[in-house]
1. Applying the selection to region 264-281, what residues are polar (S, T, N, Q) and closer than 24 Å to Leu134 by Cβ?
2. Only one of these is open to solvent by 10 Å² or more (accessible area, probe 1.4 Å), closer than 21 Å to Ser272 by Cβ and without any contact (Cβ under 8 Å) to a residue 12 or more places away in the chain: Pro165, Pro170. Name it.
3. Quick test of your reading of the structure: Thr367 fulfils all but one of (1) open to solvent by less than 40 Å² (accessible area, probe 1.4 Å); (2) touching a Gly at 6+ places or on another chain (Cβ under 7 Å); (3) in contact (Cβ under 8 Å) with a residue 60 or more places away in the chain; (4) within 22 Å of Phe153 (Cβ to Cβ). Name the failing condition by number.
4. Being modelled with pLDDT of 95 or more, buried (at least 20 other Cβ atoms within 10 Å of the Cβ) and closer than 15 Å to Ala250 by Cβ is the filter here; which residues of region 265-290 pass it?
5. Can you find, within region 396-413, the residue that is nearest to Arg127 (Cα to Cα) among those that are under 16 Å from the mean Cα position of the chain (by Cα) and surrounded by 24 or more Cβ atoms within 10 Å (Cβ to Cβ)?
6. Could you grab me the full set of residues in region 316-362 that are under 23 Å from the mean Cα position of the chain (by Cα), over 18 Å from Gly392 (Cβ atoms) and among the β-branched types (Val, Ile, Thr)?
7. Hey, does region 411-425 have a residue that's in contact (Cβ under 8 Å) with a residue 12 or more places away in the chain and on the phi > 0 side of the Ramachandran plot?
8. Could you tell me whether any residue of region 342-349 is more than 24 Å from Phe155 (Cβ to Cβ) and in contact with a Gly (Cβ under 8 Å, 6 or more places away or on another chain)?
Amino acid sequence: MTGRIASRFIKECLTQKLKSMAAPRHYCSSATATAKPNVPHSSRKGRLLTGATIGLVIAGGAYASTVDEATFGGWLFSATKLVNPFFALLDPETAHRLAISAAARGWVPREKRPDQQILGLEVWGRRFSNPIGLAAGFDKNAEAVEGLLGLGFGFVEVGSVTPIPQEGNPKPRMFRLREQGALINRCGFNSEGIVAVAKRLGAQHGKRKLDETSSTSTSSNDEVKHGGKAGPGILGVNIGKNKTSEDAAADYVQGVHTLSQYADYLVINISSPNTPGLRQLQGRKLLKDLIKKVQAARDEMQWGEEGPPPLLVKIAPDLSKQDLEDIAQVALALRLDGLIISNTTVSRPEMVESNPVSKESGGLSGTPLFSLSTDILKNMYILTKGRIPLIGCGGVSSGEDAYKKIRAGATLVQLYTAFAYDGPALIPQIKAELAECLERDGFKSVYDAVGADCR
C-alpha cells in the first residue's frame, strides 16, 4: 500500500515538473525575442531545491516498497533534514512562502504513529493528543491547516487575521540570526483579511467533519478521539486589528463574529510590537474594556452543545511587574479562558548584541527569548494561582525546553522559530524528548508537571 502511494506521489511530482518545463515562456516583445532571458539567482536556487526534492522522493519511493506505512513516515520526517540547507539559501520570507505552499499541497510528511499516552491531555473540553503546537504567524492566512496538523502538532494556531486585507510593513521585514537560533520580524500583521480566511476555514471545516465521520464509522467505539469540534487536531484562530483602525475593539469583534465558528479557541493578539499603539491595549482599563466587548460578541452568537470557543489573550514579554499584576487581575475577574506567554520581544539580549542583524527593528524570537518568556510565564502562573490555562511560547527548540515551560506553568507549548529552522523532523523529536523528561522525573502526565517549579 505504501509503495503504491509513493509511486503515485513520484509520478505526480515528475509530471508537474515536466509540465512546468514544457510550458511556453513569453518575453517582452518581438524586438527582444532573440535576447536570452536573464535567469535570476533565486531561480537557480529553486531548481536546486526542486532537484533535491525529486531525488528525495525517488529514494523514498524505493524505501517505501519494503516497509510499513508508519516506519516510512518516520523515515520521511528524518529525510526532511536534507532539504533544510536549500531553504537556508533563500531569503526568510521566500523560504516561508515555499514552506506554506508545500504544506498546503500535502508535500510534507504525515505523522501516522500515535502519540505516547503520557502526552495526552484535555483542556477547555478539547482532547489534545500532545501539548506541542504551532504558534500564530506561520500560517497567517489558514492556507495549510490540514498539512500542518498532519505533521503531528497537537494544535495549530492560524493568524493573526485582520478584518480588512493589508500588506503589512515594507520588505525586507524578516531577518535571520542563525548563530543564535533567532529571527527578527517586523511584518506588521500582513493578512489577506477575515473574508478570505473564513472561506478557507469553512471549506476545511467541512472536509474535516467528513473525515471525522468516515473515521468514526471505521473505528472502535471505545477508541479515544483527539481533536476539536471540526475533526482531528485542535485549531486556534488568532485575531488582530488593522494598522489604520481607530476602533480596536470593533476590529476584534468583527473577527470573532466571522471566524469563531471555525475555531476550537480564539486569541486576541494585543502584543505584536510591529503595529503602532497595539501594546497599549495591555493596560488594565483598556484590556478590561476590550475583553468585555469581545466576550459579549462571542456569547451573543448561537452555539451548539459544545458551547462557544474559549477566549485567550496573547501578551508581550516586555512587561513590568505592575503590568503583569494588572493583567492577572483582569484575567481572573473576567474569567478569561487562557493566556499565551509570550509574543516576540523588542529587547536585545546580550547573546545577540554581537550580531549586526540585531540592530534591525522588530520583534525578536527564538532561543534568546526563552529565559525572558519563561520568567514571565512563571510569574503569571503564580499571579493567577494556576487557575487559568497558560500556553508557553518563546524559544522552545527541544523537548527539554518544552518541559521547562510546563514546569514553569504552561499547560500547552508552542513553537515557531525552531520549526522554521529545523523543519518537520523537530516535531517527533520534541515529543519523544518531552515524554522522556516526564517519565524521568516520575510524572505520569503533562498535568502532573504543570507548575512544578512554582510549588
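The values are calculated or read from the model by the stated rules, or taken from the named source; none is laboratory data. Note that the structure is a prediction, hence the values are computed from the model and not measured. FYI the Cβ positions are ideal-geometry reconstructions off the backbone, even for glycines, and counts take in every protein chain you see. Heads up: the accessible areas ignore ligands, DNA and RNA and are worked out on the full protein's heavy atoms, side chains in. Shrake-Rupley method; radii C 1.70, N 1.55, O 1.52, S 1.80 Å.
1. The first filter runs over region 264-281 and keeps only residues polar (S, T, N, Q), leaving 269, 271-272, 274-275, 280.
Of everything in region 264-281, those that are polar (S, T, N, Q) and closer than 24 Å to Leu134 by Cβ turn out to be Asn269, Ser271, Ser272, Asn274, Thr275.
2. Numbers: Pro165 fails: without any contact (Cβ under 8 Å) to a residue 12 or more places away in the chain.
So the residue among Pro165, Pro170 that is open to solvent by 10 Å² or more (accessible area, probe 1.4 Å), closer than 21 Å to Ser272 by Cβ and without any contact (Cβ under 8 Å) to a residue 12 or more places away in the chain is Pro170.
3. The single condition Thr367 does not satisfy is (1).
4. Of everything in region 265-290, those that are modelled with pLDDT of 95 or more, buried (at least 20 other Cβ atoms within 10 Å of the Cβ) and closer than 15 Å to Ala250 by Cβ turn out to be Ile268, Ile270, Leu290.
5. The selected residue is Leu412.
6. Residues of region 316-362 under 23 Å from the mean Cα position of the chain (by Cα): 316-318, 336-347, 361-362.
Narrowing the set further to residues that are over 18 Å from Gly392 (Cβ atoms) leaves 346-347, 361-362.
Scanning region 316-362 gives a single hit, Val346.
7. First, the residues of region 411-425 that are in contact (Cβ under 8 Å) with a residue 12 or more places away in the chain: 411-425.
Subsequent filtering for residues that are on the phi > 0 side of the Ramachandran plot retains 423.
Taking every residue of region 411-425 in turn, at least one turns out to be in contact (Cβ under 8 Å) with a residue 12 or more places away in the chain and on the phi > 0 side of the Ramachandran plot.
8. Going residue by residue through region 342-349, those that are more than 24 Å from Phe155 (Cβ to Cβ) are 346-349.
If we keep only those that are in contact with a Gly (Cβ under 8 Å, 6 or more places away or on another chain) too, we end up with 346.
Among the residues of region 342-349, at least one is more than 24 Å from Phe155 (Cβ to Cβ) and in contact with a Gly (Cβ under 8 Å, 6 or more places away or on another chain), which makes the answer yes.
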